């Protein structure tokens, strides 16, 4: 998709003068890998320039656990990632800060620092011990999904992005209790990676707005990692949101389709189903994670529709060129997520 120069310039201006939020990046895990690779300050050296170029104000960092770390090593691996992330933020506190509450988020916006909001991409690390959610909360974790694309003690995940299969099975009793405890603590609940049965149950149980941080439209591209129109409508009716995933197999551009065109189709369809106020970004830069792994140093990018955060203005420009208003584009790139987190985060720091 060829973007006009004047529209690209306007998009870049919007990114520097508007709120820009990415609701899903495996930052904690990537930093952990890069520290293993002996990088001294990877948050500054590898991420800061691209985040600033993209005008990012807030990044939601997941803590993702690999299969080979489970079950016994899950808690240790999660704590290792959290520890490395907190150390990296402290090392670069003039540029970054950990977001624990809405007040801190607004302070980061006003100070020009990049906020990092921490959440668990799957709660495999707690097993059946729901009490451990309190410990995660005290460490600064402000949200979680019950599971990644696998079965754990709480719920069943949907299929992986490289597969296409319907996975059945709902929440366990511990999963139901986990949802209730998360809401008591004040954690947001992410339903990306949850299977259809589990999502149906969570929609009935949850009393607070749910989100799908990095899922796309199943109508635009059929994949069980994406959400159906009915699921999106239910999410919106409950006050929830979804973030646009940028991975090619989730977007549906592995057969030569134009990535920007496909990303725009997802945004536009989701907005038509859920309303423009319910759509944001959750780009899930998978190649960035793979590149950070010690066994894949410097791997050639191949799965992301956008190269990195410095290229996100290209999506903004594409949306503008296709006719979306600046007001609506600003909502998609950041204002909607800011409104959601103002609502669900504690107003100021406290112990639950």
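The values are calculated or read from the model by the stated rules, or taken from the named source; none is laboratory data. Just so we're clear, the structure is a prediction, and the values are computed from it rather than from any experiment. In this analysis, Cβ positions are derived from the backbone assuming ideal geometry, glycine residues included, and neighbour counts consider all displayed protein chains.
What to note about this one:
- Residues (assigned to a helix (DSSP H, G or I) and either modelled with pLDDT under 95 or surrounded by 15 or more Cβ atoms within 10 Å (Cβ to Cβ) (or both)) located in region 110-140: 124, 125, 126, 132, 133, 136, 137
- Search result, residues across region 150-164 that are surrounded by fewer than 21 Cβ atoms within 10 Å (Cβ to Cβ) and under 21 Å from the mean Cα position of the chain (by Cα): 150, 151, 159, 160, 161, 162, 163
- Qualifying residue in region 194-201 (condition: modelled with pLDDT of 95 or more, crowded, with 18+ Cβ neighbours inside 10 Å and within 17 Å of residue 127 (Cα to Cα)): yes
- Taking residues in region 299-313 that are without any contact (Cβ under 8 Å) to a residue 24 or more places away in the chain, and partners anywhere that are in a helix (DSSP H, G or I), the pairs with Cβ atoms closer than 6 Å and at least 6 places apart or on different chains are 299/290; 299/291; 301/287.
- Test for residue 199: is it within 18 Å of the chain's Cα centre (by Cα) and either farther than 21 Å from residue 284 by Cβ or part of a helix (DSSP H, G or I) (or both): yes
- Evaluation of residue 181 against (1) in contact (Cβ under 8 Å) with a residue 40 or more places away in the chain; (2) touching a strand residue (DSSP E or B) at 6+ places or on another chain (Cβ under 8 Å); (3) in a helix (DSSP H, G or I) (one fails), failing number: (2)
- Of the residues making up region 245-259, those that are more than 18 Å from residue 159 (Cα to Cα) and surrounded by 18 or more Cβ atoms within 10 Å (Cβ to Cβ) are 253, 259.
- Qualifying residue in region 74-83 (condition: within 20 Å of residue 115 (Cβ to Cβ), touching a helix residue (DSSP H, G or I) at 6+ places or on another chain (Cβ under 6 Å) and at pLDDT 95 or above): yes
- Helices (runs of 4 or more DSSP H) (entirely within region 270-352) containing at least 1 residues that are over 30 Å from residue 38 (Cβ atoms), at pLDDT 95 or above and in contact with a helix residue (DSSP H, G or I) (Cβ under 8 Å, 6 or more places away or on another chain): 312-321, 326-330, 336-344
- Candidate set from region 212-233 (those that are closer than 21 Å to residue 343 by Cα and touching a helix residue (DSSP H, G or I) at 6+ places or on another chain (Cβ under 7 Å)); member that is surrounded by the most Cβ atoms within 10 Å (Cβ to Cβ): 212
- The one condition in (1) farther than 19 Å from residue 244 by Cα; (2) in contact (Cβ under 8 Å) with a residue 24 or more places away in the chain that residue 11 fails to fulfil: (1)
- Selection from region 274-310 of residues that are on the phi < 0 side of the Ramachandran plot and surrounded by fewer than 16 Cβ atoms within 10 Å (Cβ to Cβ): 294, 295, 296, 297, 299, 300, 301, 302, 307
- Within region 1-51, considering residues that are in contact with a strand residue (DSSP E or B) (Cβ under 9 Å, 6 or more places away or on another chain) and closer than 15 Å to residue 311 by Cβ, the one surrounded by the most Cβ atoms within 10 Å (Cβ to Cβ): 22
- Odd one out for residue 80 among (1) in contact (Cβ under 8 Å) with a residue 12 or more places away in the chain; (2) surrounded by fewer than 17 Cβ atoms within 10 Å (Cβ to Cβ); (3) in a helix (DSSP H, G or I): (2)
- Search result, residues across region 212-254 that are farther than 18 Å from residue 303 by Cα, in a helix (DSSP H, G or I) and touching a residue at least 24 places away in the same chain (Cβ under 8 Å): 229, 231, 232, 233, 234, 235, 236
Matching residues to (1) in contact (Cβ under 8 Å) with a residue 24 or more places away in the chain; (2) touching a strand residue (DSSP E or B) at 6+ places or on another chain (Cβ under 9 Å):
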site	(1), (2)
260	yes, no
269	yes, yes
290	no, no
293	yes, no
316	yes, no
